[in-house]
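Engineer: Here it is, the structure, as structure tokens.
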């Protein structure tokens with residue numbers, strides 16, 4: 001009986017520590033100028049169609065790096081199994097001007113925001129690791145702009161060695177995560193944006209990242 005009580009107390013202490021640490025990670029995100037929410041991984045929606053949208057119609061960056069389909073082997077069935085091994089996640093939102101994610105110049109204007117989000121995701125993943133959550137796993141947004149924004153080819157595809165192994169992370173959608181459904185479940189508004197859509201109909205725009213934490 002004493003062993004059972006001791007084990008129960010240990011689990012309670014571990015959960016309390018985890019919640020405290022998650023709150024610290026949210027504060028860390030906010031210090032970087034982004035927003036964050038702690039979500040249950042049951043609220044992360046995985047849908048094969050999310051990855052399919054990378055292919056049809058083909059994204060201009062499709063196949064451009066090991067972080068994008070078809071090279072990324074993190075297919076939806078695998079993503080589901082991995083997510084089940086985690087209890088919580090930090091969902092990160094970086095608000096941007098609507099015009100930076102749409103219009104004729106969006107391919108250039110979105111890059112600084114994408115790079116910033118990637119750095120915040122990496123920071124949270126690294127800090128979670130230092131806290132003892134060694135399986136912390138981050139997802140960024142969009143293509144792997146670390147090399148592409150400099151007009152460099154993906155070295156990992158050419159010679160099997162990534163230039164930025166500690167910074168390169170796949171987008172949620174590349175792994176089959178439905179970003180729209182997941183963000184809506186978290187209580188944040190999210191809108192579709194395109195070069196042909198009247199931007200006056202889009203109240204806000206943002207990029208989203210995710211860090212899974214055991």
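Engineer: Using the count of nearby Cβ atoms within 10 Å as a rough guide to exposure, how do 124, 211, 45, 183 rank from fewest to most? Please report the intermediate quantities before stating the final value.
Structural biologist: Values: 124 25, 211 29, 45 18, 183 21.
With the sparsest Cβ surroundings first, the list reads 45, 183, 124, 211.
Engineer: Sticking with this structure for a sec: Count the DSSP beta bridges whose two residues both fall in the chain, then state the antiparallel fraction as a percent rounded to the nearest 5.
Structural biologist: DSSP beta bridges in the chain are roughly 95 percent antiparallel.
Engineer: In nm, give the distance between the simple-model label positions of residue 161 and residue 23, each being 7 Å from the Cα along the Cα-to-Cβ direction.
Structural biologist: Taking the simple label geometry, residue 161 and residue 23 are separated by 4.6 nm.
Engineer: How many Å³ per residue does the convex hull of the Cα positions in region 62-108 occupy?
Structural biologist: 120
Engineer: What do you get for the angle between helix 111-130 and the principal long axis of the chain? Use alpha-carbon atoms, 0 to 90 degrees, nearest ten.
Structural biologist: That works out to roughly 20 degrees.
Engineer: Moving on to the next point. Checking a compactness column here: for region 28-130, what do you get for Rg(Cα) / (2.2 N^0.38 Å), N being the number of residues?
Structural biologist: 1.21
Engineer: Between the helical axis of 2-31 and the dominant principal axis of the chain, each derived from Cα atoms, what acute angle in degrees is found, rounded to the nearest 10?
Structural biologist: 30
Engineer: Report the relative contact order of the chain, percent, no decimals, based on alpha-carbon pairs under 8 angstrom and at least 6 residues apart.
Structural biologist: Result for the chain is 32 percent.
Engineer: Which three lengths, in whole Å and largest first, does region 158-202 cover when its Cα atoms are put on their principal axes?
Structural biologist: Sorted from largest, the Cα extents of region 158-202 read 45, 27, 16 Å.
Engineer: Tell me the Kirkwood radius of region 104-214: reciprocal of the mean inverse pair distance over distinct alpha-carbon atoms, in Å.
Structural biologist: 15.6
Engineer: Between rounded, prolate and oblate, where does the chain land on the alpha carbon gyration tensor, with a ≥ b ≥ c its root eigenvalues, rounded for a/c under 1.5, else prolate if a/b exceeds b/c?
Structural biologist: Working: a/c = 1.89, a/b = 1.57, b/c = 1.20.
In terms of gyration-tensor shape, prolate.
Any read-out appearing in this document is the output of simple, stated calculations on the displayed coordinates, not a laboratory observation. As the structure is a prediction and not an experimental result, all values here were calculated from the model. In this analysis, Cβ positions are derived from the backbone assuming ideal geometry, glycine residues included, and neighbour counts consider all displayed protein chains.
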